[in-house]
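Novice: Structure incoming, see below.
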Amino acid sequence: MSNNDKKERIVLDVAYQPQVRTNTDTRRIMLDVMIALLPAVAVAVWQFGAYPLLVIAVSVASAVFFEWGYRKLLKKHSTIGDLSACVTGMLLALVLPPNAPWWLPVIGTFFAIVVVKQLYGGIGKNFLNPALAGRAFLLASYAAIMSGEYLVPRALKGSVDAATMATPLAFLYDSGAMPEYYSFVDLLIGKVPGCIGEISALALIIGGVYLIARKVISWRIPVSFVGTVAVLCLIFGYQGYGRVDWMLYNVLSGGLMLGAIFMATDYATSPVTLNGQLLFGAGCGALTVLIRYFGGFPEGVSYAILIMNLCSWAIDKAFHRHQFGVSKEDIKAEKAAKKAAKEAAK
């Protein structure tokens with residue numbers, strides 16, 4: 001082997017996810033995710049002005065800086081070119097309030113990139129979604145900022161005599177009465193208060209359709225996630241609401257669409273088996289409903305996904321396919337032989 005061949009040789013480590021057979025690369029996938037998020041960003045600017053763009057820019061810049069700095073400090077090759085840090089920063093910003101102080105995403109991205117992602121080896125080796133873990137850390141550390149009232153969108157400034165107001169989910173689960181100016185159309189389009197990237201279900205659905213068309217994500221996790229929430233809310237209902245109305249409010253409000261389409265589908269933290277993806281999405285949906293009904297916060301998407309992230313390995317193990325032509329007895333015999341070899345080596 002020549003010296004040039006040695007320099008060009010690439011070592012493929014198959015011990016970690018993501019492992020996807022595709023004609024594209026990580027950079028192209030991450031760029032597609034960022035493009036798919038643009039409709040949600042556009043709606044946020046439409047309703048809250050230009051300040052959310054500053055929050056997004058600071059979040060992306062700090063995420064890239066922390067990834068570059070960590071790998072530079074440990075003398076590892078740079079990975080900022082794959083754009084995964086940009087996606088993490090963008091997603092973290094989209095789950096923050098539109099009036100969040102500029103320093104908040106800096107702290108969140110440090111935890112997401114350094115603690116959750118890089119300390120476990122970098123892209124594909126983290127077992128939690130970095131952006132959601134960063135949000136959970138910020139919620140625990142700065143609860144007043146993260147769970148307080150949100151900016152009134154421009155579409156409601158004539159109807160509400162205040163600078164801030166509760167989100168639709170807060171009205172549903174805290175006060176029990178949804179204001180008349182929160183129609184299903186408003187929830188779909190984005191004329192409601194909420195985090196930067198979650199207010200418009202339609203914008204997020206458009207992004208999800210783009211990702212599915214580009215074959216970046218599969219329909220299984222988003223559909224099973226949202227479908228489970230819809231079915232359970234339809235079954236159990238809530239006092240004072242019709243079952244269909246209650247279901248639609250839960251599906252169109254909060255971070256359900258953002259979480260189901262952009263967070264739960266993360267390659268590294270979700271199952272790779274097809275049936276496993278359906279179970280993973282259903283589990284996320286069931287936990288979301290459970291937290292919303294009985295938890296201390298009206299929103300439950302983030303913690304539902306993080307809990308199911310911890311179960312991904314077990315789900316894949318339960319649904320993994322055996323090799324063709326190999327029986328269960330052959331597998332047991334092989335495991336027994338390996339165990340005997342280890343004991344003999346001791």
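Novice: Out of everything in the range 249-258 that is in a helix (DSSP H, G or I) and in contact (Cβ under 8 Å) with a residue 60 or more places away in the chain, what residue ends up being farthest from S224 (Cα to Cα)?
Specialist: Looking at residues that are in a helix (DSSP H, G or I) and in contact (Cβ under 8 Å) with a residue 60 or more places away in the chain, I get Y249.
Novice: Taking V45, is it farther than 20 Å from A260 by Cα and either surrounded by fewer than 18 Cβ atoms within 10 Å (Cβ to Cβ) or under 19 Å from the mean Cα position of the chain (by Cα) (or both)?
Specialist: Working: farther than 20 Å from A260 by Cα: yes; either surrounded by fewer than 18 Cβ atoms within 10 Å (Cβ to Cβ) or under 19 Å from the mean Cα position of the chain (by Cα) (or both): yes.
For V45, the condition - farther than 20 Å from A260 by Cα and either surrounded by fewer than 18 Cβ atoms within 10 Å (Cβ to Cβ) or under 19 Å from the mean Cα position of the chain (by Cα) (or both) - is met.
Novice: Got a sec? Which of V209, V272 is of a type in the set (V, I, T), under 26 Å from A314 (Cβ atoms) and out of contact with any Phe, Trp or Tyr (no Cβ under 7 Å at 6 or more places or on another chain)?
Specialist: Residue meeting the stated conditions: V272.
Novice: Out of all the residues in the range 17-32, is one or more surrounded by 17 or more Cβ atoms within 10 Å (Cβ to Cβ), touching a helix residue (DSSP H, G or I) at 6+ places or on another chain (Cβ under 6 Å) and at pLDDT 90 or above?
Specialist: yes
Novice: Could you say which residue among R243, R292 is buried (at least 24 other Cβ atoms within 10 Å of the Cβ) and either at pLDDT 95 or above or within 24 Å of P168 (Cα to Cα) (or both)?
Specialist: On the way: R243 fails: buried (at least 24 other Cβ atoms within 10 Å of the Cβ).
Going through R243, R292 in turn, just one is buried (at least 24 other Cβ atoms within 10 Å of the Cβ) and either at pLDDT 95 or above or within 24 Å of P168 (Cα to Cα) (or both): R292.
Novice: Sort out which residues of the range 128-174 are outside any loop (DSSP other than H, G, I, E, B) and among the basic types (K, R), and write them in order of number.
Specialist: Taking the range 128-174 as the starting set, the residues that turn out to be outside any loop (DSSP other than H, G, I, E, B) are 130-141, 143-146, 150-151, 154-156, 164-165, 168-174.
Correct list: R135, R154.
Novice: Sort out for me the helices (runs of 4 or more DSSP H) sitting completely within the range 175-248 that have 3 or more residues that are of a type outside the set (G, A, S) and in contact with a Leu (Cβ under 6 Å, 6 or more places away or on another chain).
Specialist: On the way: elements: 184-189, 201-213, 220-236.
Passing ranges, in order: 184-189.
Novice: Of all residues in the range 66-83, how many are out of contact with any Phe, Trp or Tyr (no Cβ under 8 Å at 6 or more places or on another chain) and either closer than 23 Å to Y142 by Cα or open to solvent by less than 10 Å² (accessible area, probe 1.4 Å) (or both)?
Specialist: 1
The values are calculated or read from the model by the stated rules, or taken from the named source; none is laboratory data. Predicted model, so just to flag it, every value in this text is computed and none were measured. Every residue, glycine among them, receives a Cβ derived from its backbone with ideal geometry; neighbour counts consider all protein chains shown. For the accessible areas, the whole protein counts, side chains as well, though only heavy atoms, and no ligand, DNA or RNA atoms are used. Shrake-Rupley method; radii C 1.70, N 1.55, O 1.52, S 1.80 Å.
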